[in-house]
Amino acid sequence: MPTCDSGCVHTAAQGLPRLFDVHQHVLPPAYLDALARAGIDPAREDGFPTPSWDELDARAFAEGANIGFSLFSISSPHVNWGDDAASAEVCRALNDYMSSLCASCDAPRGFAAVLPLPDVASSIAEARRALALQGALGVKVPTNACGTYLGDPSLDPLMAYLDTRHAVVTIHPTKPAAVPAGQFAARHAPLFEFLADTTRAVLNLVTEGVLDRYPNVRWVVPHCGAFVPEVAHRMDGISHVLVPAGMMSNVDVLLAVRSLYFDLAGDAEPVMLDALLKVADPTHLLYGSDWPYTPAPLALRKAEALFHGPHAKVIEGAAWQNAARLYGFWQVSL
């Protein structure tokens with residue numbers, strides 16, 4: 001059976017529904033070259049192998065996994081290493097590249113534009129420019145950029161702009177600014193630190209009132225919500241102590257969490273999805289493969305566990321309908 005370098009098995013998915021994949025990555029030369037110029041080896045930075053990628057592999061993976069729409073984005077490391085001007089230039093190149101992928105292929109594709117955070121002015125300018133490009137369906141933001149977390153007041157001008165655009169904003173984890181030394185989990189960021197940083201960022205968005213102040217922004221939280229399902233009720237309980245003490249804004253934590261969208265990339269079954277369904281709106285669940293960081297055979301097994309598993313009926317809309325509605329394709333035949 002022919003395979004491609006990134007593990008794309010050229011075979012039909014076993015009984016999978018048509019999928020709208022909201023969490024699929026690209027690794028174009030401009031991204032890898034920018035990392036190299038900054039002296040960053042992504043495998044060493046995040047403690048995870050850097051997969052090979054090309055457009056033919058992406059097409060083969062989509063065909064083999066019954067993916068009817070692929071939403072591209074850039075993964076971690078985030079593209080700002082302290083040089084705002086260089087970051088803005090790289091983001092422009094990456095967004096133009098992802099748009100060209102959408103324009104040059106008959107396969108239905110879109111992309112989430114990368115922004116040069118924490119440079120707010122440049123991020124607003126790039127969001128305005130990139131959202132006009134062919135295939136742009138929203139923006140992708142890191143959990144933190146050079147230590148500035150989502151929810152930080154310095155990002156409010158960007159939030160205000162995205163609110164005017166009714167933007168879909170995809171969160172993607174990146175390594176925290178500081179991690180404990182000498183630990184396995186710290187050396188391999190996707191295992192724990194990515195989930196912890198996602199949770200940290202989402203809690204900050206909720207408790208700082210960002211979701212209330214900018215209600216037109218639709219947020220997509222990755223990896224089954226990370227640890228958000230486990231801490232949502234704890235945060236809600238603690239809020240009843242902190243709010244009267246003047247130590248927290250008066251926020252309905254559980255209502256805020258329920259307003260979020262969640263992709264199901266990662267290991268949703270048998271534990272994480274069960275927890276997520278206790279706090280999330282089932283119509284806000286979205287399929288995500290996390291390919292090519294998740295090799296194709298493993299991505300297929302995870303998709304089969306989702307859509308043939310114990311929660312298959314309740315997450316039926318996660319295959320296609322929920323994402324189609326979110327991204328404006330509800331009445332479009334793709």
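The values are calculated or read from the model by the stated rules, or taken from the named source; none is laboratory data. Note that the structure is a prediction, hence the values are computed from the model and not measured. Cβ: placed from backbone, ideal geometry, glycine included. Neighbour counts: every protein chain shown.
Quick check: is even one residue across the stretch 129-148 free of Cβ contacts under 8 Å to residues at least 12 places away in the same chain and not charged (D, E, K, R)? Reasoning before the result, please.
Start the filter on the stretch 129-148 by keeping residues that are free of Cβ contacts under 8 Å to residues at least 12 places away in the same chain, which leaves 132.
Filter again for not charged (D, E, K, R), leaving 132.
Yes, that holds for at least one residue.
Which pairs turn up if I take residues in the stretch 165-186 that are under 18 Å from Ile124 (Cβ atoms) and at pLDDT 95 or above and look for partners that are aromatic (Phe, Trp, Tyr) and part of a loop (DSSP other than H, G, I, E, B) with beta carbon separation below 8 Å, at least 6 apart in sequence or on another chain?
Sorted first by the residue in the stretch 165-186, then by its partner, the pairs are Val168/Tyr327.
Could you list all residues from the stretch 279-334 that are in contact with a His (Cβ under 8 Å, 6 or more places away or on another chain), touching a residue at least 60 places away in the same chain (Cβ under 8 Å) and more than 12 Å from Phe20 (Cβ to Cβ)?
Asp290, Trp291, Pro292, Tyr293
From Arg129, Arg59, Arg18, Arg44, grab the single residue that is touching a helix residue (DSSP H, G or I) at 6+ places or on another chain (Cβ under 9 Å) and of a type in the set (D, E, K, R). Before you say what the answer is, go through the steps one by one.
Details: Arg59 fails: touching a helix residue (DSSP H, G or I) at 6+ places or on another chain (Cβ under 9 Å); Arg18 fails: touching a helix residue (DSSP H, G or I) at 6+ places or on another chain (Cβ under 9 Å); Arg44 fails: touching a helix residue (DSSP H, G or I) at 6+ places or on another chain (Cβ under 9 Å).
Exactly one of Arg129, Arg59, Arg18, Arg44 is touching a helix residue (DSSP H, G or I) at 6+ places or on another chain (Cβ under 9 Å) and of a type in the set (D, E, K, R), namely Arg129.
What's the number of the condition Met248 fails, among (1) surrounded by fewer than 20 Cβ atoms within 10 Å (Cβ to Cβ); (2) modelled with pLDDT of 95 or more?
(2)
Tell me, please, whether a residue that is surrounded by 15 or more Cβ atoms within 10 Å (Cβ to Cβ) and either at pLDDT below 95 or in contact with a Cys (Cβ under 6 Å, 6 or more places away or on another chain) (or both) can be found in the stretch 279-300.
yes
Quick test of your reading of the structure: Cys102 fulfils all but one of (1) at pLDDT 95 or above; (2) touching a helix residue (DSSP H, G or I) at 6+ places or on another chain (Cβ under 9 Å). Name the failing condition by number.
(2)
Pairs please, first residue from the stretch 22-51 and on the phi > 0 side of the Ramachandran plot, second anywhere and part of a helix (DSSP H, G or I), Cβ atoms under 8 Å, 6+ apart in sequence or on different chains.
The qualifying pairs are Gly47/Arg187.
What are the pairs with Cβ atoms under 7 angstrom where one residue, in the stretch 235-247, is under 13 Å from Val206 (Cα atoms) and the other, located anywhere, is not β-branched (Val, Ile, Thr)? Sequence gap at least six, or different chains.
From the stretch 235-247, the pairs are Met235/Leu203; Asp236/Leu254; Ser239/Met248.
Somewhere in the stretch 219-230, is a residue over 25 Å from Arg325 (Cα atoms), assigned to a helix (DSSP H, G or I), β-branched (Val, Ile, Thr) and out of contact with any Gly (no Cβ under 6 Å at 6 or more places or on another chain)? Full working, then the answer.
Filtering the stretch 219-230 for residues over 25 Å from Arg325 (Cα atoms) gives 227, 230.
From what's left, assigned to a helix (DSSP H, G or I): 230.
If we keep only those that are β-branched (Val, Ile, Thr) too, we end up with none.
No, there is no match, as no residue in the stretch 219-230 is over 25 Å from Arg325 (Cα atoms), assigned to a helix (DSSP H, G or I), β-branched (Val, Ile, Thr) and out of contact with any Gly (no Cβ under 6 Å at 6 or more places or on another chain).
Each row is one residue, and each column tells you yes or no for (1) surrounded by fewer than 22 Cβ atoms within 10 Å (Cβ to Cβ); (2) in contact with a Phe, Trp or Tyr (Cβ under 6 Å, 6 or more places away or on another chain); (3) at pLDDT 95 or above.
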residue: Ala189; (1), (2), (3): no, no, no
residue: Val206; (1), (2), (3): no, no, yes
residue: Val221; (1), (2), (3): no, yes, yes
residue: Cys224; (1), (2), (3): no, no, yes
residue: Val257; (1), (2), (3): no, no, yes
residue: Asp263; (1), (2), (3): no, no, yes
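Please give the number of the condition Ala178 fails out of (1) under 19 Å from the mean Cα position of the chain (by Cα); (2) within 28 Å of Phe227 (Cα to Cα).
(1)
Just checking: which of the strands (runs of 3 or more DSSP E) contained wholly in the stretch 65-146 hold 1 or more residues that are crowded, with 22+ Cβ neighbours inside 10 Å and in contact with a Lys or Arg (Cβ under 7 Å, 6 or more places away or on another chain)? I'd like the intermediate steps shown before the answer.
Details: elements: 67-73, 109-114, 136-142.
Once the strands (runs of 3 or more DSSP E) in the stretch 65-146 are filtered for at least 1 residues that are crowded, with 22+ Cβ neighbours inside 10 Å and in contact with a Lys or Arg (Cβ under 7 Å, 6 or more places away or on another chain), what remains is 67-73, 109-114.
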